[in-house]
Amino acid sequence: MRDSLAHITLVTAKLCHCVIFTSQRARDLANVTSYREWVLLGYLVCPDELLRVNSIDIAMVVLKENLIHTVFRDEYALLHEDYQLYVLPRILELKKMAKCGRTKQREADLEYSVAKHVEKMISEVHEQSLLSFDAIHHERRILLKQEIGRMVLFFTDQPSLLAPNIQ
């Protein structure tokens, strides 16, 4: 009797831990998605920030994974086109400004090379994302198809969990 009670307690504790871990993981994933959206929009609004030390690396990772950003329902922004239209001209402007009007040639050369690198990376990531996005989208469709199949099986086995209107 004690062994079965201890076993039930242990199983219950493991289940609670799994539920807590799963909910924590869901919150973390939601935070990551939110973080990525803010990164994309932040660099779009403030392109000068791309010239900071690790900024371009962060932006490239996020841009590789996203072609569009859903603003509201069926309204969306084409990220790479917006970066080409708004960010690249500002980077080119900063690159020109780095060469003129500086007393310290070393700082000007450094700013120029960083701006040139950022310009090159934004152009390259656009091409890379177009090539790789089909595979990523295909993987997501497969995952969604599998999850929907699992849900159908689950609700077929447990029809009482569905609302009466859906059955």
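Carbon and sulfur: what percent of segment 42-134's accessible surface (1.4 Å probe)?
Carbon and sulfur together cover 56 percent of it.
Under 13 Å between alpha carbons, and skipping anything fewer than 8 positions from Lys96 in its own chain: which aspartates and glutamates qualify?
Here the aspartates and glutamates satisfying the reach criterion relative to Lys96 are Asp109, Glu111, Glu119.
For segment 56-102 and segment 106-135, write down the distance between their C-alpha centroids in whole Å.
10 Å
For segment 59-167, what ratio Rg/Rh do Cα atoms give with a Kirkwood hydrodynamic radius?
1.30
Based on the mean of other Cβ atoms within 10 Å per residue, sort peptides 55-63, 152-160, 126-134 so the most packed one is first.
Per-residue Cβ counts within 10 Å, averaged per peptide and sorted highest first, yield 55-63, 126-134, 152-160.
The values are calculated or read from the model by the stated rules, or taken from the named source; none is laboratory data. What you are looking at is a predicted structure, and each value in this text was computed from that prediction instead of being measured. Note that each Cβ is placed from the backbone with ideal geometry, even for glycine, and that neighbours are counted across all protein chains shown. When the accessible area is computed, the model is the full protein with side chains, heavy atoms only, and any ligands, DNA or RNA have been set aside. Shrake-Rupley method; radii C 1.70, N 1.55, O 1.52, S 1.80 Å.
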